[in-house]
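For reference, the structure is listed below as structure tokens.
The values are calculated or read from the model by the stated rules, or taken from the named source; none is laboratory data. Given the structure is predicted, the values throughout are model-derived calculations rather than measurements. Positions of Cβ are generated from backbone atoms using ideal geometry, with glycine treated the same way; all protein chains shown enter the neighbour counts. For accessibility, only protein heavy atoms count, side chains too; no ligands or nucleic acids. Shrake-Rupley method; radii C 1.70, N 1.55, O 1.52, S 1.80 Å.
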Amino acid sequence: MKKVLVTGGAGFIGSHTCVELAAAGFEPIIVDDLRNSEERAIDGIARIVGRKPAVHRIDCCDEAAMERMFQGEGPIHGAIHFAADKAVGESVADPLKYYHNNIGSLVLLLRLMKKHEVNRIVFSSSCTVYGQPERLPVTETAPDRNAMSPYGFTKIACEQMLRDTTASDPPLKAVLLRYFNPVGAHPSALIGELPLGVPNNLVPFVTQTAAGLRKQLTVFGNDYDTPDGSCIRDYIHVVDLAKAHVRALQWMEDGPVSCDVFNIGTGKGNSVFEVINAFKEATSTPLPYVVGPRRAGDTTAVYADTTKSRDVLGWTPALTLNDALRDAWRWQLALKP
Ligand code: NAD
Ligand code: WQD
């Protein structure tokens with residue numbers, strides 16, 4: 001079986017990707033020190049795929065530990081680099097944490113990949129690189145907005161690092177996936193998102209509120225220039241997103257391009273009020289909410305043009321927003337003590 005290194009493989013998107021890798025006949029090798037995840041994600045993967053994946057509990061920025069891991073594993077087919085810090089607000093307060101972990105981990109990974117002749121990498125980028133796009137749906141050629149946050153800047157810097165290294169080192173191939181808003185959970189309810197403390201993101205806040213853990217959801221603003229006044233995002237089911245990584249690895253096996261970038265979203269924008277209504281419809285569960293002020297830094301509307309990921313990468317999402325909300329709710333119920 002072809003080994004695929006999955007940094008951050010115990011995290012939200014990484015754990016779902018390990019499941020899809022195993023289903024496609026790859027052997028995921030997880031590198032994660034569980035700084036933002038839990039052992040139960042690894043147990044969940046094992047229960048879904050029927051065997052425990054290899055796990056290295058090490059810091060991706062620890063050169064000696066990473067070198068030992070590469071030596072111990074032997075030939076590796078490719079890497080998927082999820083490991084990063086991802087809280088936009090925290091990155092404004094502590095930018096060096098983000099520069100160190102998000103950029104430092106990729107520098108080290110690329111150096112060790114070259115040394116150990118691993119020539120394929122899939123990188124977790126984000127729609128945050130677009131800021132508020134001038135035209136919607138946003139295509140991959142839209143300009144980067146590097147001033148949005150230090151977190152966003154780390155994604156732009158890492159994308160550039162991959163363009164530069166693939167240009168200077170021809171055997172190396174890279175696929176940069178710009179995720180829109182990943183939501184949902186595995187339909188088995190054995191893996192899902194594990195937000196620490198009060199969730200920043202909409203869907204975990206919705207499910208925790210419906211479960212009675214939070215009093216009410218606050219809709220951050222109803223005075224935006226959108227049909228119902230609330231912000232619009234492109235919510236992509238995490239299982240569809242996970243499959244895009246498998247497709248990207250397969251595409252690099254025969255693709256002639258050395259480095260390319262793809263939007264990974266549904267292509268459809270949904271407002272916050274539409275998410276609230278879809279949640280009620282998908283789960284038949286009440287959801288108390290109030291309308292509050294805008295949240296600083298939010299963009300009005302972002303959703304993907306998915307033409308390139310469909311026509312070039314050969315990936316299309318199969319699941320709906322209602323599927324994602326149903327699965328997120330099942331996961332929330334499974335988390336209850
Ligand atoms: P997550 O926090 O659930 O997963 C990241 C994993 O990486 C965690 O398990 C954490 O323990 C691990 N990790 C972080 N730094 C590490 C290090 N130095 N050494 C070892 N392990 C380390 O996050 P996620 O939502 O699964 O996101 C995965 C990737 O996707 C990140 O790069 C993130 O920036 C990107 N992304 C996420 C979203 C989103 O909304 N979730 C959107 C766009 C892009
Ligand atoms: C979605 C919508 C909120 C919570 C973030 C990062 C982005 C990317 C994805 C990593 C917005 C509204 C939210 C709540 C609300 N991550 N909302 N009440 O902000 O689109 O993107 O995650 O790369 O970089 O910024 O996602 O889930 O926080 O918000 O009304 O309690 O829900 O205003 O319109 P966001 P989100």
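Give, in nm to one decimal, the length gained when the segment between R35 and A211 is fully stretched (0.36 nm per residue of separation minus the Cα-Cα distance).
60.8 nm
Step through the table entries K173/K243; K86/K115; K215/K280; K3/K115; K2/K155, compare each Cα-Cα distance with 21 Å, and write down the pairs that go over it. Over 21 Å Cα-Cα: K86/K115; K2/K155. In order along the stretch 10-23, the Karplus-derived 3J(HN,Hα) couplings, from 6.51 cos²θ - 1.76 cosθ + 1.60 at θ = phi - 60°, round to 8, x, 4, 7, x, 5, 5, 5, 4, 4, 5, 4, 4, 5 Hz, and Gly and Pro are given as x.
Let's see if you can work this out: charge +1 on each Lys and Arg Cβ, -1 on each Asp and Glu Cβ, no other charges. What is the dipole magnitude of the stretch 252-337 about its Cα centre, in debye to the nearest 20? Let's see the in-between values first.
On the way: 9 positive and 10 negative charges, 110 e Å.
That gives the stretch 252-337 a dipole magnitude of about 520 debye.
For the residues T266, T285, T141, a GNM of the chain with alpha-carbon springs under 10 Å puts the largest fluctuation on T141.
Accessible area of the chain with a 1.4 Å probe: how many percent of it is carbon plus sulfur?
On the way: 7430 of 14320 Å².
Summing carbon and sulfur atoms, their accessible area is 52 percent of the total for the chain.
Take the Cα of S188, step 7 Å toward its Cβ, do the same at D94, and the gap between the two points is 3.3 nm.
Would you mind getting the accessible area per residue of the stretch 181-335, heavy atoms of the protein chains only, 1.4 Å probe, in Å²?
Working: 6500 Å² over 155 residues.
Per-residue value: 42 Å².
Compute the separation of the alpha-carbon centres of the stretch 258-299 and the stretch 44-116 and state it in Å as a whole number. One Cα centre to the other: 29 Å. The overall shape of the stretch 89-184 is oblate: from the C-alpha gyration tensor, with semi-axes ordered a ≥ b ≥ c, the ratio a/c is 1.5 or greater and a/b is no larger than b/c. Close amide-amide hydrogen proximity is noted between E27 and K2, K3, V4, each under 5 Å apart and 5 or more residues distant or on a separate chain (H modeled in the peptide plane; Pro and chain starts excluded).
Beta-bridge orientation, the chain: approximately 5 percent antiparallel, per DSSP, counting only bridges with both partners inside.
For the stretch 197-261, the square roots of the Cα gyration tensor eigenvalues, ordered a ≥ b ≥ c, give a/c of at least 1.5 with a/b no greater than b/c, which places it in the oblate category. Since only A93, P143, I42 are under comparison, the one whose Cα sits farthest along the positive direction of the charge dipole of the stretch 29-144, derived from C-beta charges on Lys, Arg, Asp and Glu, is I42.
Please list 193-201, 233-241, 292-300 highest first by mean number of surrounding beta-carbon atoms within 10 Å per residue. Don't skip to the answer; put the middle values down first.
On the way: 193-201: 14.2, 233-241: 24.8, 292-300: 12.7.
Packing order, densest peptide first, comes out as 233-241, 193-201, 292-300.
Between K173 and R120, I121, the built amide H atoms are under 5 Å apart, and every one of these is 5 or more places off in sequence or on another chain. Taking amide H positions as modeled 1.01 Å from N, with prolines and chain starts lacking one, the residues under 5 Å from A301 and 5 or more places away or on another chain are I232. Using the Cα centre of the chain as origin and beta-carbon charges of +1 (Lys, Arg) and -1 (Asp, Glu), tell me which of V129, A174, H77 is placed farthest towards the positive end of the dipole. Farthest towards the positive end: H77.
A Cβ-based charge dipole, computed about the Cα centre of the chain with Lys and Arg at +1 and Asp and Glu at -1, lands at about 520 debye.
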